[in-house]
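Below you'll find the structure, written out as C-alpha cells, and then a few comments.
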Amino acid sequence: MNTLAVNGKIITSRSDLIWALTAGALSLIGLVGLANYLIQGNEAYNIYRQVPWGILISTYIFFVVSSTGLCLISSLGHVFGIKQFEVIGKRAIVMAIITLLSGFAVIAAEIGYPFRMLIYNVLTPNLSAAIWWMGTLYSLYLVFILIEFRFMIKVNHKWAGYAGLAGFIAGVAAHSNLGAIFGYLDARPWWQGPFLPIYFILSAAVTGCAIIILLFAIRYAREKRPDNVHEALVTISRLFALLLGILLFFEAWKVLTSLYGGAPGKYETMMILLKGPLSMSFWGFEIILGMLLPFILLLASKGRNLKVATFAALSSIMGIFFMRYNLVVTGQLVPLRSDVDAVGANGLLSYAPSLTEIAIVLGGMGLCLLLYILAGRIFNLDAEQAR
C-alpha cells in the first residue's frame, strides 16, 4: 500500500492519502497562479476600473465568514456553558484559525503589497476607515482564537473560555464591520444600508454549522461516533435547519425590497440575479444548493440522520461560496454612469474570473485543507476532560 509521512506519522489509509494528495495538488495550482500574477501583475486578473473587486474578494469573504461562524458555534460550548457543544471545541477553533489564515492568503494575492498594508496599518491608522477597522479587528480576533486554542490544548477550559469570549466579541465586531464596508457605500444602493452587517453574522452561523458537520463526518467516517459527539451533531443539525430557515426569510425580503418600487440601483441589480447573467449562479447555487435543498433535507430528517445532514452541509457550503461571489460581483455590474466605455449592449458591465484568479482560489482551498491535515497530525483535536 502507498504511504505518506506527515509530521513523522505515516498515512496508510487510502482516503487519508487522497485528502493529502488533493491538498497538495490544489496548493500547487495556487502557487502556479501566484507565480503568474507576480510575473504579469494585475493584467493576470480580469478586474478593471469599473469592476475592481472579483472572485478573490468574494473568496476572502467566504473564508473569513467561515472562520467567524466556526467561532460563533464553538462559543456555545466553552464560552456560554452549553455542555453539549463542548465536544466540538478544539476541532472548530483550529478550523476557524485555518480558514482565517487561508482568507488572509487569498486577499494578500489581491492586495499586491500585503506587507506594506501591515506596516502602514500600524504607522498611519485611519480610524474613520471601515477597512482599517476590518484589518485591526480581524488581527485581534486571530490573536484571541490562537490563545483560546492554546488553552484548549492544555485542557484549561477556564482560561479558554475567557479567550473564547474575547474572540467571540472580536469576531462579531470584525464580521459586522466587514458587512459595514459594503453597507457604507452610498453610491451602491444594492449594498448600502444596515442589512449586510446582520446578514453576514447570520450567514456566518449557517456556514459554521455546515463546516462542523463536515469536519466530524470526515473524522468519524471509518469508526463509530461517541454518543456525546452524535448528540452534539444532531443538535447542530437542527440549529443548522433553523438558521437556514431564517436565512431564507432574509433572502425573500431582500428580493422583495429590491424589486418594490423599482428603486434605482437596487432593481437593476436584483434583475441581474433573477433573470440576468448571474441567474444560474443565484437560483441554482445560492438559493437551491445553498439554502432550499439543505433546509428541506434537514426538515424532512428532523436533523436525526447525520448522513443526510452531511450531504446538506456540503450542498450549503457550495451554495454559500457562490452566494459570496454573487454579492460582490453583482453589486458592481450596474454602471454608476451611462457613458462608461465598458458597458455592454445590455447596459451592464461584465466580469468573469481569469484562470489565474481561479488558480489562486483553488490554492486557497488547498492551503486550508493542507493546514487542517497538518493540524490533525500535530494536535489531538478530540474532546478531553477539563481540569
Original post:
Can you name every residue in the range 288-314 that is charged (D, E, K, R) and part of a helix (DSSP H, G or I)?
Top reply: LYS307
Subject >> Odd one out for VAL229, checked against (1) under 18 Å from the mean Cα position of the chain (by Cα); (2) buried (at least 17 other Cβ atoms within 10 Å of the Cβ); (3) not hydroxyl-bearing (Ser, Thr, Tyr) >> reply: (1)
Original post:
For the range 17-28, does any single residue satisfy the condition of being within 30 Å of LYS158 (Cα to Cα), modelled with pLDDT of 95 or more and either out of contact with any Asp or Glu (no Cβ under 6 Å at 6 or more places or on another chain) or in the same structural domain as LEU165 (by TED's automatic domain parsing) (or both)?
Top reply: no
**OP:** Could you please tell me which pairs satisfy a Cβ distance under 7 Å, a separation of 6+ or placement on different chains, a first residue in the range 178-191 that is under 26 Å from LEU100 (Cβ atoms) and free of Cβ contacts under 8 Å to residues at least 60 places away in the same chain, and a second residue that is surrounded by fewer than 23 Cβ atoms within 10 Å (Cβ to Cβ) and hydroxyl-bearing (Ser, Thr, Tyr)?
**Re:** GLY179/TYR199
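The values are calculated or read from the model by the stated rules, or taken from the named source; none is laboratory data. Just so we're clear, the structure is a prediction, and the values are computed from it rather than from any experiment. FYI the Cβ positions are ideal-geometry reconstructions off the backbone, even for glycines, and counts take in every protein chain you see.
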